[in-house]
Amino acid sequence: MSKQVKRLDRVIIRFAGDSGDGMQLTGDRFTQESAAFGNDLSTLPNFPAEIRAPQGTLPGVSSFQVHFADHDILTPGDAPDVLVAMNPAALRANLGDLPKGAAIVVDTHDFTARNLTKAGYAANPLEDDSLSEYAVHPLDLTGMTVEAVKEFGLSRKDAARAKNMFALGLLSWLYGRPIESTIAFLQKRFAKVPDIRDANLAAYRAGWNFGETTETFVVSYEIKPAPMPVGTYRNITGNLALAYGLIAGGVQSGLKLFLGSYPITPASDILHELSKHKAFGVTTFQAEDEIAGIGAAIGASFSGSLGVTTTSGPGIALKSESIGLAVMTELPLLVVDVQRGGPSTGLPTKTEQADLLQAMFGRNGEAPVPIVAPRSPGDCFETALEAVRIAVTYRTPVMLLSDGYLANGSEPWRIPELSELPEIDPGFATEPNHVVSLRDGSSLASSGQVSPSTNGASADEKREFWPYLRDEQTLARPWAVPGTPGLEHRIGGLEKGDGHGNISYDPANHDFMVRTRAAKVERIAESLPPLEVDDPEGLAKVLVLGWGSTYGPIGAGVRRVRKAGYHVAQVHLRHLNPFPRDLGDILERYDKVLIPEMNLGQLAMLIRARYLVDAVGYNHVRGLPLKAMELAEAIGNLVADAEGIEVDLSDPVDATTSGTAGASGTSGTSSTAGDQR
Amino acid sequence: MTTDLPQPVARSGIELVPTLTDEAAPLTGKDFTSDQEVRWCPGCGDYAVLKAVQGFLPDLGLRRENIVFVSGIGCSARFPYYLETYGMHSIHGRAPSIATGIATSREDLSVWVVTGDGDALSIGGNHLIHALRRNVNMTILLFNNRIYGLTKGQYSPTSEEGKITKSTPMGSLDHPFNPVSLALGAEATFVARTIDSDRKHLTAVLTAAAEHRGTSLVEIYQNCPIFNDGAFDAVKSPVTRDEAIIPLVHGEPIRFGAPGADGSGSRGLIRDPATGGVKIVEVGDAPDQVSADDVLVHDAHSPDATTAFAISRLTDAGRLHQAPIGIFRQVSRPTYDDLARAQITEAAAGVTGSRSERLAGLIGAGDTWTVA
Ligand SMILES: Cc1ncc(C[n+]2csc(CCOP(=O)(O)OP(=O)(O)O)c2C)c(N)n1
Ligand code: SF4
Ligand SMILES: [Mg+2]
C-alpha cells in the first residue's frame, strides 16, 4: 500500500507514560534515530523525583520531548505537535501543553474505570468530546504488542512491557526514521536475555508495520536532514559532555584528574561517567558527604592533581567553607554545580538557575571565585575545559554552573579535533624563588629575578621558596607540590603574609591580600575573547542578555522577533565572574536591556550593581526551560517601548513551511515558529 | 553484584615513600624545625609532642619533601607550621578528608593528620570514622585534652559528664566518646593511645603507626594547663601512674600496679565470662587471687576486635583514674588508596595509544555521523 509522504521542516514529539513504561529510553532511541538521520535536534527529558511513584498516577508520569528539524534549532520546543500517551495519567498530565490541532497517539489499553479514576478523570476522555480539538488516534498499543510477541512465551506482564518499542516503531515509521541503530541497540542491550530481546525487536517491527498497513495513518512525514557545519557529530547530553570536558582538561594539562563527589541529582551521572575512565588516570572518590568530596579534591590539588568536585545546589551549600579554603590557599579546583530547583531539597529533577548568587557570594569573607556557565548540552565540554584553564592558570577554585536541563537534555555535537583544544600548562614550581640576606634577613631577589647567577647563592645569602610570590601578569602564586625538594612550605586557611605566606595578622597585609585575591580574579578578564554581539543590522535598541541554558529559548525568541521584522540584539555570557571587559561598553550601546533567567533576577542584580544599567528582568522558576514564544512576547513589548512602535508577532506567513507539523492529518501549524532560522 | 578485590600484601606504611640516599647526611630534629615561632601557652602538652615528632621523624629515613602534615582547627592544629615539611592547616574537622585526597593521589607521600578532640570527634566525626573504615594510608594524631582549647574552654565530646565550663555553668550533660572504642567500632586497623609527656612511649607508638599501612589512629593524652589542667595527672604522676596505666604490649600478659610476688604488676586482666568483656583482678596464688597463667595475653593482631574493644572500656569515662595505654589493635587490611591505584593500573593495563589519542577515541565514539 503506498501512502502519501508529506514534507515538514520540524516536529516536536512528547513521549509520556508511567515511570515504569520506559519513556526515557523510547525518547532517547527516537533521538538517536533522528540524529543518525541528520536532523538537528534538542531534547527535554522530564521525570519525577520518585523512582517509582504509584503506577498510573499523575505524579508517576515521566516524559521525554524531542524537537527535530531540517534546520538549525535551539530548543526542545515550547509545545508538542504530537503527544504519545501510554495511559490516562500521561494524557491528563500533558494535555495542557498541547496546542489546538496537535496529534495524540494514545494507548487505550489502560483506559479502565480504575485507571481513569487514578488519573482523576470522571469520564473517559476518549468517549466524550473533550478531545475534539485534537487529532486523536486511539490505539490498543498494549494489546497489539502482546499479540505481536506471543510466540516468545513471555508472561503477559513481560509481553506488555514491550509496548514502548511498539510505540517507537510506529512513530519511527510515521517520521521515516532509520531503524538500524535501534535494532542494533536492542540486540546489544538484551543480549543476555534472548526472549526479551526478541520480544522487543518483534514489538518494534510490529509497530513499524502497523503504521505501514493501518488505515489510521494515511500520510507519513519526511523531515530532511539539517545542513550543519562540516564535521563528525554525535548526540550528547550535558552531563556526558561535561565529564568528557573534564577528562580532556586532564589530558590537555597533563594532570591526573581526581573527582571527590557525593551522589546528588542531577549531578550524579558525571560521577558515574568519570568512574568508567580510570584508564585515563582518573580517580573517583565517592565521599561520605559533600564536604569530604571537596576536601579530598583540595588534597589532590595540593598534591599536584586536578581536583574536581561535582554536586548540585544543596551540596554547594555544604562545600562553602571548603571553597573558601581553596580561595585562601589559592589551589586549582573545579566546583561543578548542576543546578536544580531550590531552595532546600526543592525540585530535585527540575531545572533552575538560582545558584548564581550562591556561587558568587555564598562564602564568608571576601572570597571571589571565577564562574563559568555552559549554554547548551554540547557546550558543557568546552566550558569544562575553560574552567580547567582558569583554575590551573590562576590557581583558584572555579565554579561551573550547569543545570538540570543541560545535564539531561541532548543535542547534536560536533566532535572537536584535538588540535582545537587549548593547551593548559600547570607550570609547577621546581626551584626556590627568593633570596634573602643571612646578615639582616632582607629580601635580595624574588621570583623571576632569581636568575641562574644567584642560584649558587653566596655564603651570606639563602635561597628560599615563597609560596605567595605572584606571577606579575596573572597574579597567580606558584604551585609547588609535595615531593619537590627545597620547596617545603605550609599553607592554610589563616591569612597569609604577602610573598612569604606565613601567618599574618597585620591589618595592612590583610587589606592588601583581600584586594589582591579580588584583583587576581579580575585579571582573568584580560584572557577572555571579546563578546559576540548578535545584532545583524546594528539597528537594535534592545539587547537581550543571558547566561547558561537560557541560550536556546533566548535565541529562539530573538529569531521570532526578527522574523516578524523587528530589531533586537543578543549577547550570551559564558563568564559570569569576572565579566568580560567589553560588557560595560556593549550595555551602554542599547536603550533597553532584557535579562531572561530561570530565577528571580540574579544576573540582573549583578549587572545593575556593576554597570548601573536599568536592566529589565524576565523571570520564571517553573522547573522547566523558558518558553521561547512567551519570551518573544516580552522582547517584543520592550522593542515596542524602546522604539515607540507597535509590535505584532502573530504568525508571519512562512513560504518555506507548508502543511502540518504532525500526525494530525488535519491542520495544526506549529506554535513555536520562532525556533526557525 | 560484588567483585573480589585483590588480597592484601603486608607492606609498610612508608614503603613507597622515597628515602634518603646512603651518602646523604642523615637529617636531625633541627632539619624538621621550621623558622616559625611556636605559640602555644607555656606548659602546653603540645610542645612535648612537637619535640617528640621532630626528634622521631629523622628516624624514618624519609626525604623531608615527601612528608605531609595536614591539620584541622584548634590549638594543636598549628602543628604543621612548626615542621619543615609540606603542610596544610585546613578547616575545622576536615583534615581526614583532605589527607584522603593526598594519600589517594600520591603513593610516594607519608601523610599525617593532626587533630584535636573537638576537631576529630565533634565537627569532624563523620570524616574520622569514614577514614578509619576505608583504611586510607595515613597516621592520625588525635590530641585529646578533653576540652576546646582554642575557643577558650568549652567542654568537648571527650569531657566527662557534669563538667563545668563557660558554656556549661551547671555542668555538661552529654556522655563522652571514648576515642579508642569509637575507632575500633569504625573498623580501624591500627588504634593506639599514648601520653604527651612519655616521649619514649610516644615515639615507639608513632614508629609503629607510621609503619602501619592503613589509617593509624593514635590518641595522645595531652594536658591543657589553661583550661583543663591535670586531666591526665593519674596516668602522668609518678605516684599514681603504675596503678592508673594498664599497659598493652602485644604478646605480653596484661599486668599493672605495684609489683606482686612474681615481680610483675599485682593486678591483671582476665576475661569475664559474666559479661563477655574483661575485668581487673588481683594476680597471685592466694584463694581470692587469679593465677598469673590465667591473665589475658594482649593480642593486638587478633582479627577480631572484640577483646581490644573490651579493654578500651576500662578507660574512665568520668574523671580519669585509669586507662589502658599502648597499641590496642594492629591488623592488616587492604588500604583504600592502594586499591584505588590498583584499579587504575588494572584499567590502564593493555590500553594502547597516548592519552591524546585515547581522548580522541573516547569523544569520537558512539553513534556518530559525518557532515561533508
Ligand atoms: C566551622 C568552625 N566552627 C567553629 C570554629 C571554632 N573553633 C575553633 S577550634 C574549636 C574547637 C577546638 O577544639 P579541639 O579540636 O579539641 O582543639 P584544641 O584547641 O583543644 O587543641 C572550635 C569550636 C571554627 N574554627 N570553625
Ligand atoms: S589553650 Fe590549652 S591546648 Fe591550647 S595552647 Fe593553651 S594550653 Fe595548649
Ligand atoms: Mg581539645
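The values are calculated or read from the model by the stated rules, or taken from the named source; none is laboratory data. Note that the structure is a prediction, hence the values are computed from the model and not measured. Note that we place each Cβ from the backbone using ideal geometry, even for glycine, and neighbour counts take in every protein chain shown. Side chains included, ligands, DNA and RNA excluded: accessible areas come from the protein's heavy atoms. Shrake-Rupley method; radii C 1.70, N 1.55, O 1.52, S 1.80 Å.
So what is the calculated 222 nm ellipticity per residue for chain A, using -39500 (n - 2.57) for each DSSP H run with n of 4 or more, over all residues, to the nearest 500 deg cm²/dmol?
Estimated from H runs of four or more residues: -10500 deg cm²/dmol.
Which of rounded, prolate, oblate describes region B:130-241, given a ≥ b ≥ c as roots of the alpha-carbon gyration tensor eigenvalues and a/c under 1.5 marking rounded, otherwise prolate only if a/b is larger than b/c?
oblate
Calculate how many DSSP beta bridges within region A:472-603 are antiparallel, expressed in % of all such bridges and rounded to the nearest 5.
Around 20 percent of the beta bridges assigned by DSSP in region A:472-603 are antiparallel ones.
What translational diffusion coefficient, to the nearest whole µm²/s, does region A:189-248 have by Stokes-Einstein, given a Kirkwood radius computed over alpha-carbon pairs, a temperature of 20 °C and 1.002 mPa s viscosity?
Rounded to a whole number, D works out at 133 µm²/s.
Hey, in the GNM for chain B with a 10 angstrom Cα cutoff, which one of B:248, B:362, B:269 fluctuates hardest?
Of B:248, B:362, B:269, the Gaussian network model singles out B:362 as fluctuating most.
What are the semi-axes of the equivalent ellipsoid of region A:27-138, taken as the square roots of 5 times the eigenvalues of the Cα gyration tensor, listed largest first and rounded to whole Å?
Taking √(5λ) for each Cα gyration eigenvalue gives 27, 17, 11 Å.
Hey, can you find the accessible area per residue of region A:245-286 for me, probe 1.4 Å, expressed in square angstrom?
Result: 27 Å² per residue.
Distance cut-off 32 Å, Cα to Cα: go down the list A:118/A:319; A:192/A:224; A:157/A:276; A:256/A:496; A:150/A:188 and report the pairs above it.
Checking Cα-Cα distances, A:118/A:319; A:192/A:224; A:157/A:276 exceed 32 Å.
Please state the shape class of region A:570-652: rounded when a/c is under 1.5, otherwise prolate if a/b exceeds b/c and oblate if not, all from the C-alpha gyration tensor.
oblate
What FRET efficiency, computed as 1/(1 + (r/R0)^6) with R0 = 22 Å and r the Cβ-Cβ distance, is obtained for residue B:20 and residue A:461, rounded to the nearest 0.05?
That gives a FRET efficiency of 0.30.
Do any chymotrypsin sites (Phe, Trp or Tyr not before Pro) in region A:500-582 lie in a DSSP loop with no more than 12 other beta carbon atoms within 10 Å, and if so, which?
A:505
Which loop GluC sites (Glu not before Pro) in region A:122-183, with loop taken from DSSP, have no more than 16 other Cβ atoms within 10 angstrom of their Cβ?
A:127, A:133
When chain B is modelled as a GNM with alpha-carbon springs shorter than 10 Å, which of B:263, B:214, B:124 fluctuates the most?
B:263
Are there any helices in chain A, counted as whole DSSP H runs, that stretch 15 Å or more along their axis by Cα and score at least 0.0 on average by Kyte-Doolittle, and if so which?
Within chain A the helices that satisfy the rule are A:163-174, A:238-253, A:290-302, A:313-329, A:379-394, A:628-643.
Restricting to Cα pairs below 8 Å that are 6+ residues apart, what does the relative contact order work out to for region B:199-245? Please round to a whole percent.
About 18 percent, as a whole number.
Could you tell me which trypsin sites (Lys or Arg not before Pro) in region B:180-279 are loop residues by DSSP with no more than 13 other beta carbons within 10 angstrom of their beta carbon?
Hits after loop and neighbour filter: nothing returned.
Below 8 Å between Cα atoms, with a sequence gap of 6+, how large is the relative contact order for region A:532-627 in percent?
31 percent
I'd like the per residue volume of the convex hull spanned by the Cα atoms of region B:183-245, given in cubic angstrom.
103 Å³
Rounded to a whole number, what % of the accessible area of chain A do carbon and sulfur atoms account for, probe 1.4 Å?
Taking all protein chains in place, chain A shows 51 percent carbon and sulfur surface.
Just tell me which aspartates and glutamates come within less than 15 Å, Cα to Cα, of residue A:3; anything on the same chain fewer than 8 places away is out.
Qualifying aspartates and glutamates at Cα under 15 Å: A:212, A:215, A:222.
Treating cross-link reach as a plain straight distance, find the aspartates and glutamates whose alpha-carbon is under 14 Å from the alpha-carbon of residue A:163, omitting any fewer than eight places away in the same chain.
A:18, A:21, A:107, A:110, A:140, A:147, A:198
Normalised by the empirical 2.2 N^0.38 Å for globular proteins, what value does the Cα Rg of region B:27-95 take?
It is 1.08.
For peptide B:63-72, compute the average count of partner chain beta-carbon atoms within 10 Å of each residue's beta-carbon.
Taking the mean over all residues of the peptide, I get 4.
Could you check what % of the DSSP bridge pairs in chain A are antiparallel, to the nearest 5?
Once the DSSP bridges in chain A are tallied, antiparallel ones form about 40 percent.
Leaving out same-chain residues fewer than 8 places away, which aspartates and glutamates sit with a Cα under 18 Å from that of residue B:163?
Output for residue B:163: B:117, B:174, B:229, B:233, B:316.
For a quick size check, give me the Cα extents of chain B along its three principal axes, largest first, whole Å.
Computed over the Cα atoms, the extents are 96, 52, 47 Å.
Which net charge results for the neighbourhood of residue B:273, defined as the other residues with beta-carbon distances under 13 angstrom from its beta-carbon, given Lys and Arg at +1 and Asp and Glu at -1?
Result for the neighbourhood of residue B:273: 0.
Assigning unit charges at the beta carbon (Lys, Arg +1; Asp, Glu -1) and nothing else, what dipole magnitude in debye, to the nearest 20, does region A:237-323 show about its Cα centre?
300 debye
How much FRET efficiency would the formula 1/(1 + (r/R0)^6) give for residue A:158 and residue A:114, where r is the Cβ-Cβ distance and R0 is 30 Å, rounded to 0.05?
In this case the efficiency is close to 0.90.
Can you bin region A:270-374 into rounded, prolate or oblate? Criterion: square roots of the alpha carbon gyration tensor eigenvalues sorted a ≥ b ≥ c, rounded for a/c under 1.5, prolate for a/b above b/c, oblate for the rest.
Oblate shape, in that a/c is at least 1.5 and b/c is the bigger or equal ratio.
Could you please report the charge total around residue A:392, scoring K, R as +1 and D, E as -1 over all other residues with beta-carbon less than 15 angstrom from its beta-carbon?
+1
With a 1.4 Å probe, how much accessible area is buried between chains A and B, both sides summed, in Å² to the nearest hundred?
Protein heavy atoms only, the A-B interface buries about 5400 Å².
Taking only the alpha carbons of region A:221-314, what extent do you get along each of the three principal axes, in Å, biggest first?
54, 31, 20
Inside 10 Å of the C-beta atoms of A:276-288, what's the mean count of C-beta atoms belonging to other chains?
Mean shielding count: 6.
Would you jot down the residues in region B:351-369 that end up with at least 50 Å² less accessible area in the complete protein assembly than in the chain alone, with a 1.4 Å probe?
Correct list: B:355, B:358, B:359, B:362, B:363, B:367, B:369.
Using the alpha carbon gyration tensor of the protein assembly as shown, what are the three equivalent-ellipsoid semi-axes (square root of 5 times each eigenvalue), largest first, in whole Å?
Equivalent ellipsoid semi-axes, largest first: 62, 37, 25 Å.
Looking at region B:1-137, send over the antiparallel percent of its DSSP beta bridges, to the nearest 5.
So the antiparallel bridges amount to about 20 percent of the total.
Order of A:612-620, A:282-290, A:491-499 by packing, highest average Cβ count within 10 Å first?
Averaged packing, sorted descending, gives the order A:282-290, A:491-499, A:612-620.
Relative contact order, percent, of chain A when contacts are C-alpha pairs under 8 Å separated by at least 6 residues?
RCO, chain A: 14 percent.
Positive end of the dipole of region A:169-265, charges at C-beta (+1 Lys, Arg; -1 Asp, Glu), about the Cα centre: which of A:240, A:174, A:225 has its Cα farthest in that direction?
A:240
When chain B is treated as a GNM, springs tying every alpha-carbon pair under 10 Å, which of B:184, B:50, B:60 comes out with the largest mean-square fluctuation?
Most flexible of the set in this elastic network: B:60.
Would you mind giving the mean number of other chain beta-carbons within 10 Å of the Cβ of each residue in B:82-89, as a whole number?
Counting Cβ atoms of other protein chains within 10 Å of each residue's Cβ and averaging gives 6.
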